[in-house]
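Please treat every number below as a calculation from the coordinates, not as lab data. Since the model is a prediction, treat every value here as computed from it, not as a measurement. Cβ atoms come from the backbone with ideal geometry, glycine included; neighbour counts cover every protein chain shown.
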Amino acid sequence: MAASSFGKYVRQQRLALLSGNPDYSLRRVALSCGLEPSFLSKIERGIAPPPSEPKIKALADALGEDADVMLALAGKVSSDLQEAIRMRPKLFAELIRELKSAPDSGIAGLVKEARAKYG
């Protein structure tokens, strides 16, 4: 499932950019991210699984997308977030479960508050 939605998203974003700029051809995007064009094609068609975290981040950068969103679509979590979770696994699990059904505005407020207090 992750491979399919990730690939579909990458293709959709790349093609939208390609309509206005030839630099977003499959070949050019693949090479700019250190991927083989044939592998990116397979990813976009859901045949190959999403690439590694660094390659996903490079793809996000090339497409002007948020790396965390693309990692989530790939069924992955960035290594810096994994590190934070490993430091306090029970607390983060409880927090995420509590926030699962919270509205975006409530979560954004918590993020803003945390940045003001700890950032």
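Miscellaneous remarks
- 10 °C / 1.306 mPa s Stokes-Einstein diffusion coefficient of the chain, Kirkwood radius on C-alpha pairs, µm²/s: 100 µm²/s
- Its Cα centre serving as origin, region 41-119 has a Cβ charge dipole (Lys and Arg +1, Asp and Glu -1) of approximately 240 debye.
- Put simply, when 12-23, 34-45 are sorted by average Cβ atoms within 10 angstrom per residue, most first, you get 34-45, 12-23.
- Average projection area in nm² (convex hull over Cα atoms of region 1-67, one quarter of hull surface): 3.8 nm²
- In this structure, the residue pairs whose Cα-Cα separation is over 20 Å, taken from Lys55/Lys112; Lys55/Lys100; Lys57/Lys100; Lys76/Lys100, are Lys55/Lys112; Lys55/Lys100; Lys57/Lys100.
- Descending by average beta-carbon neighbour count within 10 Å, the peptides 92-102, 74-84 line up as 74-84, 92-102, the highest first.
- Burial ordering of Arg11, Arg27, fewest other beta-carbon atoms within 10 Å first: Arg27, Arg11
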